[in-house]
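Let me begin by presenting the structure, written as structure tokens, before commenting on it.
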Amino acid sequence: MAYNQMLQSTIEGVKSIARTDLCVMDTDANVIASTINSADEYRNSVRAFVDSPAEIQVVSGYQYFKIFDGSQLEYIMLIRGDSDDIYTIGKLVAFQIQNLISAYKEKFDKENFIKNVLLDNMLLVDVYNKAKKLHIDAEARRVVFVIETNKEKDSNAMDIIKSLFAGHSKDFITAVDEKNIILVKEMKEDEDYEDLDRTAKMIVDMLGSEAMANAYVAYGNIIDKIKDISKSYKEAKMALDVGKIFHSEKNISAYNRLGIGRLIYQLPIPLCKMFIDEVFPGMTPDEFDDETLLTINKFFENSLNVSETARQLYIHRNTLVYRLDKVNKATGLDLRVFEDAITFEIALMVVRYMRYMENNEY
């Protein structure tokens, strides 16, 4: 469909310059692009021209041209007029369309290649052979970004990302499912993870302002072998999930900064349930009321400092101690003791992970 639109735009541009009508049909005489209102009436003559040995002919005031992809006949182009000038224009347009076919096929082949590498669908030897054939540097530094918006099948977001990196011919933008946009970005030798953060922030800001979409962006580790693109992609996917589970207030996640969330994310659900049942028999740590949970989280943020936590919550120190004692009675854990606080914090993260997995039907 995109290719047909490109052909339509091309012949409309030619018409505005040459002031003559054009039409492109496939070998079955189906109209692909046209500026002629009554193009269907030429279908029989096009079919006859397909079967003839001639490469150019004139029929009813139109010059017909055959357009090949290699040795394969792809299209028939009609241009109105039988003068030598129209013939020259027709040859130029046919040549241009032939180049468009080659360029589009190369782009399509590159996109399919990158998809297969991302999904680890190719043998190692095939990866390097295909990369060489498509003139893709196999030793360049790259990183994979995974971009997710709050709208599925968001073609507008895809268009914005493509326009954002339109000047970067060595970057690849694609999709392997209906939820995420994948950016395989080539990096310069002097670029590092701070540059990746800036790129991710630019993507989030652009999608927020242009597409009115809340976007999450995650990226994997920098790799320097094309075969490792799939590794960076898997890392970015994990970073996206871990970020949404444990740091939902943030829009950007980096695989190299996931912390303990990375470990919890890889635990099997039955083991998580066993841990929660052992530490909190008959309950889960997220069943406390919002006020208590807010108190606990603020207490952890302040490194178990009672005075500073009370000050930030605008409550008396004794009120904070009372709330912590209430948690102690309910769970048997004294959050003022470092080991108990660590146990409770991990339990909260495990429950958050379990809820996410259940809601997403993993």
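The values are calculated or read from the model by the stated rules, or taken from the named source; none is laboratory data. If you're wondering where the values come from, they're calculated on a predicted model, not measured in any experiment. So basically every Cβ, Gly included, is an ideal-geometry build from the backbone, and we count neighbours across all protein chains shown. SASA here: full protein model, heavy atoms, side chains in, ligands and nucleic acids out. Shrake-Rupley method; radii C 1.70, N 1.55, O 1.52, S 1.80 Å.
For the stretch 120-193, what percent of Cα pairs sit more than 14 Å apart?
Summing the P(r) of the stretch 120-193 above 14 Å gives 67 percent of all pairs.
Quick one: in the stretch 140-296, what % of C-alpha pairs are over 22 Å apart?
48
How long are the semi-axes of the ellipsoid equivalent to the stretch 1-159, from square roots of 5 times the Cα gyration tensor eigenvalues, in whole Å, largest first?
So the equivalent ellipsoid measures 38, 19, 14 Å along its semi-axes.
Keeping all protein chains in the complex and leaving out DNA, RNA and ligands, what accessible area do you get for Tyr42 with a 1.4 Å probe, in Å² to the nearest 10?
Around 30 Å² of this residue is reachable by solvent.
Suppose R0 equals 22 Å; then what is the FRET efficiency for Asn4 and Lys151 from their Cβ-Cβ distance, rounded to the nearest 0.05?
It comes to 0.30.
What is the distance, in nm, between label points placed 7 Å from the Cα along the Cα-to-Cβ direction at Lys179 and at Glu41?
5.5
Could you work out the pair-distance distribution P(r) of the stretch 65-113 from its alpha-carbon pairs, with 5 angstrom bin width and percents rounded to whole numbers?
5, 20, 24, 19, 14, 9, 5, 2, 1
Let me test this: with uniform point scatterers at the alpha carbons of the chain, what is the Debye-based log₁₀ I(q)/I(0) at q = 0.08 1/Å?
With no solvent term, the Cα-only Debye profile gives -0.62.
Which value in nm describes the separation of the simple spin-label points at Asn256 and Ala140, placed 7 Å from the Cα toward the beta carbon?
In this crude spin-label approximation the distance works out to 2.0 nm.
Which residue, Val50, Val176, Val242, has the most motion in a Gaussian network model of the chain that connects Cα atoms within less than 10 Å?
Val50
Roughly speaking, to the nearest percent, how much of the chain's 1.4 Å accessible area is carbon and sulfur?
So the carbon and sulfur contribution to the accessible surface is 49 percent.
Expressed in whole Å with the largest first, what are the equivalent ellipsoid semi-axes of the stretch 1-69 derived from the C-alpha gyration tensor as the square root of 5 times each eigenvalue?
19, 14, 12
Taking amide H positions as placed in the peptide plane 1.01 Å from N, state which residues far from Asp21 in sequence (5 or more) or on other chains have amide H under 5 Å from it.
Amide H to amide H, under 5 Å and 5 or more residues apart or across chains, Asp21 pairs with Arg80.
How much length is gained if the chain between Phe165 and Ala103 is pulled fully straight, taking 0.36 nm per residue apart and subtracting their Cα-Cα distance, in nm to one decimal?
20.5 nm
Which helices count as membrane-span-like in the chain under these terms: full DSSP H, at least 18 Å along the axis by C-alpha, Kyte-Doolittle mean of -1.0 or more?
2-18, 84-118, 193-210, 229-246, 317-331, 338-359
Can you tell me the dipole magnitude for the chain around its Cα centre, using point charges on the Cβ only (Lys, Arg +1; Asp, Glu -1), in Debye to the nearest 20?
260
Can you list, bin by bin at 5 Å, the percent of alpha carbon pairs in the stretch 226-330, starting at 0?
Result, from short to long distances: 2, 10, 15, 15, 16, 16, 12, 7, 3, 2, 1, 0 percent.
When the Debye formula is applied to the Cα atoms of the stretch 34-106, each taken as the same point scatterer, what base-10 log of I(q)/I(0) results at q = 0.23 Å⁻¹?
Relative scattering, expressed as log10 I(q)/I(0), comes to -1.12.
Please arrange Met274, Met187, Met158 by accessible surface area, largest first, computed with a 1.4 Å probe and ligands excluded.
Descending accessible area places them as Met274, Met158, Met187.
Sort Asp40, Asp190 by accessible area with a 1.4 Å probe, largest first.
Sorted descending by solvent-accessible area, the residues read Asp190, Asp40.
If I stretch the segment between Lys132 and Phe300 completely, what's the gain in nm (0.36 nm per residue apart, minus their alpha carbon distance), one decimal?
Difference between extended and current length: 55.2 nm.
Rolling a 1.4 angstrom probe over the protein heavy atoms, how many square angstrom per residue are accessible across the chain?
I get 54 Å² per residue for the chain.
Please report Rg over Rh for the stretch 1-40, where both radii come from the alpha carbon positions and Rh follows the Kirkwood definition.
Here the Rg-to-Rh quotient is 0.96.
Would you compute, from DSSP H runs of 4+ residues alone, the mean residue ellipticity of the chain at 222 nm, taking -39500 (n - 2.57) per run and dividing by the full residue count, rounded to the nearest 500?
-17000 deg cm²/dmol
Given a 10 angstrom Cα cut-off, can you work out which residue in Ser230, Ser45, Ser71 is the most mobile in a GNM of the chain?
Greatest mean-square fluctuation among the candidates belongs to Ser71.
Taking a 27 Å limit on the Cα-Cα distance, which of the listed pairs Lys66/Lys132; Lys201/Lys231; Lys225/Lys250; Lys250/Lys329; Lys132/Lys201 fall beyond it?
Lys66/Lys132; Lys225/Lys250; Lys250/Lys329; Lys132/Lys201
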